[in-house]
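Structure record follows, encoded as structure tokens.
Please treat every number below as a calculation from the coordinates, not as lab data. The shown structure was predicted, so the numbers you read here are calculated from the model rather than taken from an experiment. Ideal geometry is used to build each Cβ from the backbone, glycine not excepted, and the neighbour counts take in all protein chains shown.
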Amino acid sequence: METPFDITNHILVPEHIKLPDADKEKILKQYNISQNQLPQILLTDPAIQHLIPKIGDVIRIKRPSPTVGETFFYRVVVHG
């Protein structure tokens, strides 16, 4: 029997990190936004399944950047 493919190890999938509530509030305050203003990521997205997300969690996505080394993007988990 084959083992299932682990998408988190794929070279094209950036690192996804679930933020603790304290960090979530810090990010929202830093950018002066509400949670509803963040871009969304679906609860069923395969890239975050290993994080065991809940609706309303904020996910930090770390992507490589040729100019600054790495950049961070934030998404709020929504039903879907």
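Things to note:
- Cα-based reach from K62 at 19 Å (exclusive), listing lysines while leaving out same-chain residues under 8 positions away: K18, K24, K26
- Spherically averaged projected area of the convex hull of Cα atoms, region 12-78: 4.8 nm².
- DSSP beta bridges fully contained in the chain are about 80 percent antiparallel.
- Cα-projected label distance for Q37 with H10, points at 7 Å along beta-carbon direction, nm: 3.3 nm
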